[in-house]
1. Search region B:84-108 for residues that are farther than 20 Å from B:Gly64 by Cβ and at the interface with chain A (Cβ under 9 Å from one of its Cβ atoms) and pair each with any residue that is buried (at least 17 other Cβ atoms within 10 Å of the Cβ) and among the charged types (D, E, K, R) when their beta-carbon atoms are under 6 Å apart and the residues are at least 6 apart or on different chains.
2. From the list B:Gln76, B:Gln8, pick out the single residue that is more than 21 Å from B:Glu129 (Cα to Cα) and out of contact with any strand residue (DSSP E or B) (no Cβ under 7 Å at 6 or more places or on another chain).
3. Quick one: which of B:Ser9, B:Ser86 is among the small types (Gly, Ala, Ser) and surrounded by 13 or more Cβ atoms within 10 Å (Cβ to Cβ)?
4. What residue, among those in region B:18-57 that are within 13 Å of A:Gly40 (Cα to Cα) and more than 9 Å from chain A (Cβ to nearest Cβ), is surrounded by the most Cβ atoms within 10 Å (Cβ to Cβ)?
5. Of the conditions (1) under 21 Å from B:Gln37 (Cβ atoms); (2) among the β-branched types (Val, Ile, Thr); (3) at pLDDT 90 or above, B:Val98 fails just one. Which one is it?
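The values are calculated or read from the model by the stated rules, or taken from the named source; none is laboratory data. Because the structure is predicted, anything quoted here is derived from the model rather than measured. Quick reminder, even Gly has a Cβ in these numbers, built from the backbone with ideal geometry, and neighbours come from all protein chains shown.
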Amino acid sequence: MSQKGGMMNAKKFALLALLGCALGPVSQAQIKHIEMRVEGMT
Amino acid sequence: MKQHLGRQSGVQSVEVSLNDGKVDVTPKEDGRIDPGQLFKAVYESGVSVAEMDVLARGKVVKDGSGGFALDVTPNQSFGIEANDVSKELEALAGQSTVIIVRGQLYKKPAGKKRQKPDISAPMKLLILEVQKRE
């Protein structure tokens, strides 16, 4: 019984790891900084 | 202008340098910020943008028109203007490589007076430098 539970956890962990690898780079994509040069400022 | 920009969605902090007319905007942690909206906000403050540069992290993808784009968030991408730097990046399209680039989203045409921003038109990214490939 405990062995079956352990197997399920391993499957869930593998699935989470796979999702993390697939989604990780996209979720880290972002705009990090914006710099503007403006005119007419006093 | 600093307060007005600071109220825009996704903005964490704004630094304004009166001496050289420079405005630095740091986005919030998730990086979900709309440069077009900032452009409009600057115009509403009574000044105009002469140049807008961005440091962005994303993936190169092919866009629908046969060109290339940089996906910076799942629902935000910028078409890439072709130049020598962008040509080197075309091979990365569709791959999982994430790049950090410094690029120009806007430069006021020479001789033009203050223009009302057209935020309906997509901004194109002229990549000036690739800082990192991951």
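1. Between residues of region B:84-108 that are farther than 20 Å from B:Gly64 by Cβ and at the interface with chain A (Cβ under 9 Å from one of its Cβ atoms) and residues that are buried (at least 17 other Cβ atoms within 10 Å of the Cβ) and among the charged types (D, E, K, R), the close pairs are B:Val98/B:Lys59; B:Ile100/B:Arg57.
2. On the way: B:Gln76 fails: more than 21 Å from B:Glu129 (Cα to Cα).
Only one candidate passes the filter, namely B:Gln8.
3. Details: B:Ser9 fails: surrounded by 13 or more Cβ atoms within 10 Å (Cβ to Cβ).
Criteria check complete, one pass: B:Ser86.
4. So, considering only residues that are within 13 Å of A:Gly40 (Cα to Cα) and more than 9 Å from chain A (Cβ to nearest Cβ), the one surrounded by the most Cβ atoms within 10 Å (Cβ to Cβ) is B:Tyr43.
5. Just one mismatch for B:Val98, condition (1).
Each row is one residue, and each column tells you yes or no for (1) out of contact with any Gly (no Cβ under 9 Å at 6 or more places or on another chain); (2) among the acidic types (Asp, Glu); (3) under 21 Å from B:Gln76 (Cα atoms); (4) part of a loop (DSSP other than H, G, I, E, B).
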{"position": "B:Gln8", "(1), (2), (3), (4)": "yes, no, yes, yes"}
{"position": "B:Asp20", "(1), (2), (3), (4)": "yes, yes, no, yes"}
{"position": "B:Glu29", "(1), (2), (3), (4)": "yes, yes, yes, yes"}
{"position": "B:Ile33", "(1), (2), (3), (4)": "no, no, yes, yes"}
{"position": "B:Gly36", "(1), (2), (3), (4)": "yes, no, yes, no"}
{"position": "B:Phe39", "(1), (2), (3), (4)": "yes, no, yes, no"}
{"position": "B:Asp53", "(1), (2), (3), (4)": "no, yes, yes, no"}
